[in-house]
Amino acid sequence: MDNDKNELDPISLEIISNGLRSITDECFVALTRSSYSTNIKERKDHSIAIVDKEGRLVVQAAMTIPLHIASMRGLMECILEKFDGDINDGDVFVANDPHTAGGTHLPDINYAMPIFVDGEIVAFSCNIAHHADVGGMVPGSMAGGMSEIYQEGLRIPVVKLFRKGELQQDIMDILLLNVRVPNERRGDHNAQIAACRLGARRLLEVIKENGLENVLSAFDQIISRTAKRMRLAISEIPSGSYSFEDVMDGDGIDTTNIPICLKINVSGDKINLDFSGTSQQVGGNINTTFNAVQASACYALIAALDSEMPSNQGILDVVEINIEPGTLLNSVFPAPVAARAHTCQRVVDVVLGALSKALPENVIAAANGANTTAVFSGIDPRTNQPYLYLETLGGGMGARAHKDGKDGVQVHITNTSNLPVEAIEQEYPLRVSEYCFIEDTGGAGKYRGGMALRRVVTPVNHTCIFNGAGERFSNKPWGLFGGQAGESGQFLMRKERKVIRLDDKPEEVKVSPGTYIIVETPGAGGYGPPAERSKDLINQDRESGKFSIEYINHHYEN
């Protein structure tokens, strides 16, 4: 069939497009409500997509994690290559491996289910969810100190978990045997499988109502129109070259101040992002795969150029990215990648930093630039069963050209929420003794950066294990155009009156009753000279209690 001969009118295209978005949004909610782990059901660390038979991403759910845009494409490339001619109705594929299955790190488990009409594949129903643990050398599978992919957890190549509708129980047994809280993992796997099946049913309903040829034509037009829209947005950037550099704090082993370098070249409606000069891949687990960087860079361009633009294959087709294999941003086997989100946040920062020289009012100062990870695990004394609480906490959002940055939020490629105290204390044998903004952590400026978060946690009637991973703990989030840097983050441990600072990427810390882990996330940078801040905004800072008199006097009253 030649879909070009069946181009839809704008109204029909919009109706089908909205129907597809409605499918992904419904599946997103269904996965949220049927999952077991707090990381999915409360924090919503998952994504939904419809992919065409060629593996092109067509539609993502509105609340999708931006980092997942390219993971789905990577998964589909592996499925189509490995199972060409052996994809059947009722099959369900599962995978997570970054080096062989298109993933970005092992905790993100990818699912895909083919959708058939009259015996022919027409699309795939796909989702990704971040599992709180996939085994490996540390609970939560995310801490620093891991030096190869084998240490990070169970590696799943692209396999069929269901064959023609029949569960392959031996594969499910392997998935559950290698994790620390198997009952929770089983529930999350089942939720993903159900979301795939729901997406397939709903797409077949849309096809029945609108006709297969029209839906397939809509797939093509959605992608081509997005590509055209991205090219138009790019053409608004003045042609030229724009460079920026930043550094990662460290890899959690022995390398610090790791450079990320970017040159953006723009010519008309064409754009090239060249990461030459970036560090070689490192021993610790902050390496990334190419598709993770592709997703992060495309997100940053969408945010800066046209925030209403849909995320699909059209954007991936337009944005050209150059990264040498074997480097931090395009690592090769057996590089560890568990903490890749920290690096992806920095990729967003350098893209926005480079664009600030071309489109100063379209970007923000450096946000908290981290994915501050805290993991508590142990045996719940109430049930004598293992538990594992994983969270990535928000921090400051960078100041904007006309407005202060938001306080204590998830930023950029995560798009998740901070876990409510009530959920933590109900689900786990933990007590949260403090949860608040941290005074004076937003960078001063004409518009100030967002504030950092503090969360203080102690185990109840048992000893637990804490591990984590932090960034922007030594290199502060920078400001723009005279704005000041935000404050850095830290991990602390307090027992009685003694407080010690932990490593930025601690592997295993025993925490006994009466001992408190203090997680402080980074703030964010300010925008514009502090001397230009209005008196009304200074008064708001003073009255809000978020900034001390000393801070205000130092930055604004001199």
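The values are calculated or read from the model by the stated rules, or taken from the named source; none is laboratory data. Owing to the predicted nature of the structure, the values given are computational and were not obtained by experimental measurement. Here the Cβ positions follow ideal geometry from the backbone for every residue, glycine too, while neighbour counts run over all protein chains shown. With ligands, DNA and RNA removed, areas are computed over all heavy atoms of the protein, side chains included. Shrake-Rupley method; radii C 1.70, N 1.55, O 1.52, S 1.80 Å.
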Quiz item: In this structure, does Val460 turn out to be among the aliphatic types (A, V, I, L, M), open to solvent by less than 10 Å² (accessible area, probe 1.4 Å) and either in contact with a strand residue (DSSP E or B) (Cβ under 8 Å, 6 or more places away or on another chain) or without any contact (Cβ under 8 Å) to a residue 40 or more places away in the chain (or both)?
Solution: no
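Residue-by-condition table, conditions (1) surrounded by 21 or more Cβ atoms within 10 Å (Cβ to Cβ); (2) in contact (Cβ under 8 Å) with a residue 60 or more places away in the chain; (3) assigned to a loop (DSSP other than H, G, I, E, B); (4) among the β-branched types (Val, Ile, Thr):
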site	(1), (2), (3), (4)
Phe333	no, yes, yes, no
His342	yes, yes, no, no
Val348	yes, yes, no, yes
Val351	yes, yes, no, yes
Practice problem: State whether one or more residues within segment 65-76 are at positive phi, at pLDDT below 95 and either open to solvent by less than 10 Å² (accessible area, probe 1.4 Å) or not in a strand (DSSP E or B) (or both). | Solution: no
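Scan segment 120-138 and give yes if some residue there is assigned to a helix (DSSP H, G or I) and either of a type in the set (Phe, Trp, Tyr) or more than 18 Å from the chain's Cα centre (by Cα) (or both), otherwise no.
Among the residues of segment 120-138, not one is assigned to a helix (DSSP H, G or I) and either of a type in the set (Phe, Trp, Tyr) or more than 18 Å from the chain's Cα centre (by Cα) (or both), which makes the answer no.
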Quiz item: If you go through segment 412-457 one residue at a time, how many are open to solvent by 30 Å² or more (accessible area, probe 1.4 Å) and outside any loop (DSSP other than H, G, I, E, B)?
Solution: 13
Self-check item: Filter result for Asn475 (assigned to a loop (DSSP other than H, G, I, E, B), modelled with pLDDT of 95 or more, under 16 Å from Gly523 (Cβ atoms) and open to solvent by 30 Å² or more (accessible area, probe 1.4 Å))
Solution: yes
Self-check item: Odd one out for Ile109, checked against (1) surrounded by fewer than 24 Cβ atoms within 10 Å (Cβ to Cβ); (2) more than 21 Å from Thr289 (Cβ to Cβ); (3) in contact with a His (Cβ under 7 Å, 6 or more places away or on another chain); (4) not basic (Lys, Arg)
Solution: (2)
Quiz prompt | Residue satisfying all of: in segment 505-539; among the aliphatic types (A, V, I, L, M) and part of a helix (DSSP H, G or I); nearest to the chain's Cα centre (by Cα) among these | solution = Leu537
Quiz item: When only residues in segment 50-63 that are open to solvent by less than 10 Å² (accessible area, probe 1.4 Å) and outside any strand (DSSP E or B) count, which is nearest to His99 (Cα to Cα)?
Solution: Gly55
Quiz prompt | Top-ranked residue in segment 353-370 [being open to solvent by less than 10 Å² (accessible area, probe 1.4 Å) and touching a His at 6+ places or on another chain (Cβ under 9 Å); ranked as modelled with the lowest pLDDT] | solution = Ala370
Quiz item: Does segment 319-331 contain at least one residue that is open to solvent by less than 20 Å² (accessible area, probe 1.4 Å), touching a Leu at 6+ places or on another chain (Cβ under 7 Å) and farther than 21 Å from Pro259 by Cα?
Solution: yes
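Sort through Arg201, Arg185 and tell me the only one that's open to solvent by less than 10 Å² (accessible area, probe 1.4 Å), assigned to a helix (DSSP H, G or I), at pLDDT 95 or above and among the basic types (Lys, Arg).
So the residue among Arg201, Arg185 that is open to solvent by less than 10 Å² (accessible area, probe 1.4 Å), assigned to a helix (DSSP H, G or I), at pLDDT 95 or above and among the basic types (Lys, Arg) is Arg185.
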